[in-house]
Amino acid sequence: MINPRGGLSERLARSSNLVAEAFSGYKVKIPWLKLTLRFRDRVGEASKLVNPPYIANPMMILYGPVGCGKSEIARALLYGAEASRGKGSTVEILLLTAPEAEGGVLSIEYTQGFKEYVESTLRGRGFEYSVHIGGSVGIPGVASLSVGLTIEPGQVENIRLPLLWSIIDKLVANPGEGRDYIVFLDEFRGVSEGSLKSFVEKTADTIGRMHSNIMDRGNSSISMIVLTSDSIAAYHIGPYSPKYLKAYMWNLPFKAFNEVVEELGGRGALGDLEEASRRLGVSVVDLSWRLFGGNVREFLLAGALGLEGWVRRAVSNVTAALAKAVRDRRLSESEAVSEVKRIGEEGAGALSTSPLYDEMLRRNIAIDLVGALGISDAPREKWVSEGSSFQLPIYYHVVRAMADKRSLHVEPGDVVNVVLRDWI
């Protein structure tokens with residue numbers, strides 16, 4: 001841990017335990033299904049985010065499969081930090097989200113310790129904003145601040161980053177005493193695949209200097225965690241930088257994911273998944289694991305689209321990625337089929353040596369884990385390896401179906417047959 005002055009490492013370890021205990025009460029909101037779910041099994045990840053093993057600057061890039069819960073754990077920490085304030089936690093959280101669409105709302109959520117820095121920054125820049133006490137996490141003390149902005153495509157960070165630096169500058173000028181400030185920048189959106197790497201390279205030393213500054217003056221700390229679901233951008237960062245920490249988070253583990261399936265099953269919220277499992281003669285829990293691999297967002301999406309529609313979507317995603325790779329690499333279809341056959345037989349470990357790999361990363365079919373700290377334990381399954389992995393098991397099953405048919409064109413039924421074969 002960098003700069004252990006004032007028992008910083010011990011203080012963060014104590015606070016991370018308090019925050020993790022408190023966020024067990026956090027409920028995940030799913031507005032489009034009008035549901036809430038109990039937040040599960042992220043205590044280990046919380047500890048590594050609050051008290052990471054930084055070597056140099058307190059900056060982390062956190063990536064992982066789309067829908068694995070990166071943004072949600074930031075909200076859970078927001079909840080836990082505020083809920084444990086009265087018990088001695090020193091953690092303050094700031095979360096900047098990106099608008100989901102052009103002209104959307106920029107949301108800034110924060111614990112009490114960030115209030116003056118955030119609101120004075122927006123007042124000084126003349127932005128109109130509205131404040132919702134309780135924020136998206138629903139606990140007094142946390143505020144969610146919405147800024148209505150019209151943002152052109154590709155310009156998200158041109159708006160967010162100046163705001164962020166203004167907030168941080170105000171913090172550094174007048175930090176609280178003995179507080180630990182953690183800034184989450186959610187879903188970094190650069191204009192190119194190399195933008196994230198450029199940002200962290202330029203930012204890491206600055207954050208390190210600011211950290212040292214407020215440690216010297218007030219025994220406080222500051223760290224920044226940049227979240228991304230862009231696998232190719234994370235891949236371009238490369239491993240083992242001494243300037244910052246590259247880390248990945250995974251989908252929910254088997255036991256916790258099964259609890260989610262059972263919780264939703266008890267509410268009759270599984271869509272046609274229960275019917276499909278009965279028709280196929282397998283348990284809904286086992287089928288869910290083999291399709292979604294612990295990814296709750298995809299599990300919920302399948303409930304909304306219907307299982308066949310969701311499998312068809314997965315087939316389309318893989319087919320599009322491979323078609324682009326074939327064109328870019330000037331491969332024949334037989335060469336591409338040989339590659340999917342090799343990957344299907346050898347498993348996810350064969351991805352990184354394939355000419356199809358870059359496009360599978362670019363389309364978030366695959367993910368590269370080389371040189372990154374795992375804040376989660378990835379499962380021991382054939383769709384996962386220590387170096388390269390499929391983001392979802394369904395994508396591995398699509399590749400296997402292609403290998404079986406010796407064709408890049410398969411139907412949802414072909415994929416289901418491959419999944420069922422594992423039970424025979």
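Each value in this text was obtained by applying a stated rule to the coordinates, not by laboratory testing. This structure is a prediction, so every number in the text was calculated from the model and none was measured. We place every Cβ from the backbone using ideal geometry, glycine too, and count neighbours over all the protein chains shown.
Please state the charge dipole magnitude for the range 10-62, taken about the Cα centre, from unit charges on C-beta atoms (+1 on K and R, -1 on D and E), reported in debye and rounded to the nearest 20. Could the numbers behind the result be given before it?
Working: 9 positive and 4 negative charges, 61 e Å.
Charge dipole, the range 10-62, about its Cα centre: 300 debye, nearest 20.
Within the chain, which is the longest segment that contains none of the trypsin sites (Lys or Arg not before Pro) sitting in a DSSP loop with at most 12 other Cβ atoms within 10 Å?
126-266
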Sorting Asn57, Thr90, Val172 by the position of each Cα along the dipole of the range 5-248 (Lys, Arg +1; Asp, Glu -1; all at Cβ), the one nearest the positive end of that ordering is Thr90
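Restricting to DSSP loop positions (anything but H, G, I, E, B) with no more than 10 other Cβ atoms inside 10 Å of their own Cβ, which GluC sites (Glu not before Pro) remain in the range 18-108?
Glu100
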Lys/Arg +1, Asp/Glu -1 at C-beta; the range 256-421 dipole; positive extreme among Tyr396, Ala336, Gly413
Ala336
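Restricting attention to the range 218-326, which GluC sites (Glu not before Pro) occupy a DSSP loop and are surrounded by at most 12 other Cβ atoms within 10 Å? Each step should come with its number before you reach the end.
Values: sites: Glu259, Glu262, Glu263, Glu274, Glu275, Glu298, Glu308; in loops: none.
The qualifying sites: there are none.
Just to verify a number: FRET efficiency for Lys405 and Asp286, C-beta to C-beta distance, R0 = 22 Å, to 0.05?
After rounding to 0.05, the efficiency reads 0.35.
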Say the dipole of the chain comes from +1 at the beta carbon of Lys and Arg and -1 at that of Asp and Glu; which of Phe257, Ser146, Tyr181 then lies farthest toward its positive end?
Tyr181
In whole Å, how far is the Cα centre of the range 323-371 from that of the range 43-101?
33
For the range 187-270 the chymotrypsin sites (Phe, Trp or Tyr not before Pro) that pass both the DSSP coil test and the at-most-11 other-Cβ-within-10 Å test are Tyr240
So what's the range 11-63 giving for Cα Rg divided by 2.2 N^0.38 Å, two decimals?
1.41
Whole-Hz ³J(HN,Hα) for each residue in the range 214-230, computed from phi via Karplus 6.51 cos²θ - 1.76 cosθ + 1.60 with θ = phi - 60°, x for glycine and proline: what do you get?
7, 5, 5, 8, x, 6, 10, 10, 9, 9, 10, 10, 9, 9, 8, 10, 8
Contour minus Cα-Cα span, Ser9 to Glu345, at 0.36 nm per residue, comes to 116.4 nm
1/(1 + (r/R0)^6) with r = Cβ-Cβ of Lys202 and Ser24, R0 = 30 Å, i.e. FRET efficiency to nearest 0.05, evaluates to 0.20
Could you give me the radius of gyration and the Dmax of the chain, taking only the C-alpha atoms into account and expressing both in angstrom?
22.2, 66
Using unit Cβ charges (K, R positive; D, E negative) and no other charged atoms, how large, in debye to the nearest 20, is the dipole of the chain about its Cα centre?
360
Counting Lys and Arg as +1 and Asp and Glu as -1, each charge on the Cβ, what is the dipole of the range 5-248 about the Cα centre in debye, to the nearest 20?
560
Calculate the translational D of the range 256-421 in whole µm² s⁻¹ from Stokes-Einstein, where the hydrodynamic radius comes from the Kirkwood formula applied to all Cα pairs, the temperature is 10 °C and the viscosity 1.306 mPa s.
98
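When the helix-only estimate is applied to the chain (DSSP H runs of n ≥ 4, each -39,500 (n - 2.57), divided by the residue count), what is the mean residue ellipticity at 222 nm, nearest 500 deg cm²/dmol? Don't skip to the answer; put the middle values down first.
On the way: 16 runs with 202 residues, N = 424.
The helix-only estimate for the chain comes to -15000 deg cm²/dmol at 222 nm.
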Ranked from fewest to most other Cβ atoms within 10 Å of their own Cβ, His397, His211 fall in the order His211, His397
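First select every other residue whose beta carbon is under 14 angstrom from the beta carbon of Ser130; then total the charges, Lys and Arg +1, Asp and Glu -1.
Working: positive: Arg123; negative: Glu109, Glu119, Glu128.
After counting each charged neighbour, the total is -2.
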Subtracting the Cα-Cα distance of Ala56 and Glu335 from 0.36 nm times their residue separation yields 96.0 nm
